[in-house]
1. Within segment 194-214, how many residues are farther than 18 Å from Arg175 by Cα, open to solvent by 60 Å² or more (accessible area, probe 1.4 Å) and among the β-branched types (Val, Ile, Thr)?
2. Would you pick out the residues in segment 97-119 that are more than 23 Å from the chain's Cα centre (by Cα) and without any contact (Cβ under 8 Å) to a residue 40 or more places away in the chain?
3. Just to be sure, is Gly183 surrounded by 10 or more Cβ atoms within 10 Å (Cβ to Cβ), farther than 30 Å from Leu25 by Cα and modelled with pLDDT under 80?
4. Would you confirm whether or not segment 111-128 contains a residue that is part of a helix (DSSP H, G or I), exposed (fewer than 14 other Cβ atoms within 10 Å of the Cβ), modelled with pLDDT of 80 or more and among the polar types (S, T, N, Q)?
5. For segment 149-165, give me each residue that is open to solvent by 70 Å² or more (accessible area, probe 1.4 Å), without any contact (Cβ under 8 Å) to a residue 40 or more places away in the chain and among the polar types (S, T, N, Q).
6. Just one of (1) under 30 Å from Val137 (Cα atoms); (2) modelled with pLDDT of 80 or more trips up Thr1, so point out which.
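The values are calculated or read from the model by the stated rules, or taken from the named source; none is laboratory data. These figures come from a predicted structure and were not determined experimentally. A quick note on method: Cβ atoms are made from the backbone with ideal geometry, for glycine too, and the neighbour counts reach across all protein chains shown. To get the accessible areas, we keep the full protein, side chains included, count just its heavy atoms, and leave off ligands, DNA and RNA. Shrake-Rupley method; radii C 1.70, N 1.55, O 1.52, S 1.80 Å.
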Amino acid sequence: TLAQKLGALKKEQARIALLIKEANLKIKDIGKQLVTKQDTIKRTEHKLQTLEQQISDMLQTMYRVRDKGWVEVLFSVGDFSLFFSKLADIEHITQRVFVLAKETSATKKTLEGERKDLATKKDKQQHFLSIQTLQNVALTTKQEEQKRLLQETKGKEDQYQSLLANSKKRAQEIRSRLYELLGVAQQITFGEAAKIATWVGQQTGVRTALLLAVL
């Protein structure tokens, strides 16, 4: 009935509206995650820059000592205890450079992983935006269908039933063409159609199932 049809359309509209609401919530949630992830990436990049600067400063100190020469350092210090203290400092710097290098490498890997994660989240957000667009189109289509139905029937059940009857009549006309193709004047059962298709298949070599599928 018209009332049932309109009720079904309203239910479908409500269902699509819920899907759109769900997509909106997911997009909003992913948006928050993106902001958090971008902040994390900025902090990681800053840490990486700090580590690289520390390594650069330490390497420059080591190169200055190497270019100066140990003998020159010894005579400039003039004290064996102070000289060996400087040697210990250089050793400490060397170990620290090694530790910083490892930490820098680990930080770069972390940064790469965070950037990949960010790209994945952006893809998900785009995916839900696409779904939301399709759902909006579907909702608009259902609303237009309801509007068209009400305009055609003006809310009257008898007019709707008349439209329904015309659709059924057109469907019956299409089905009747099958019987014309088979050369019969009245409707036949599926079993009778299968017998005819079997006979034609025997005459032509075409499989019965294919003939029935075409019909």
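1. So the answer is 1.
2. Correct list: Phe98, Val99, Lys102, Ser105, Ala106, Lys109.
3. no
4. The answer is yes, given that some residue of segment 111-128 is part of a helix (DSSP H, G or I), exposed (fewer than 14 other Cβ atoms within 10 Å of the Cβ), modelled with pLDDT of 80 or more and among the polar types (S, T, N, Q).
5. Answer for segment 149-165, where residues must be open to solvent by 70 Å² or more (accessible area, probe 1.4 Å), without any contact (Cβ under 8 Å) to a residue 40 or more places away in the chain and among the polar types (S, T, N, Q): just Gln151.
6. (2)
A quick yes/no check of all residues on (1) modelled with pLDDT under 80; (2) open to solvent by less than 60 Å² (accessible area, probe 1.4 Å):
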| residue | (1), (2) |
| --- | --- |
| Leu6 | yes, yes |
| Ala14 | no, yes |
| Ile30 | no, yes |
| Gln33 | no, no |
| Arg43 | no, no |
| Gln49 | no, no |
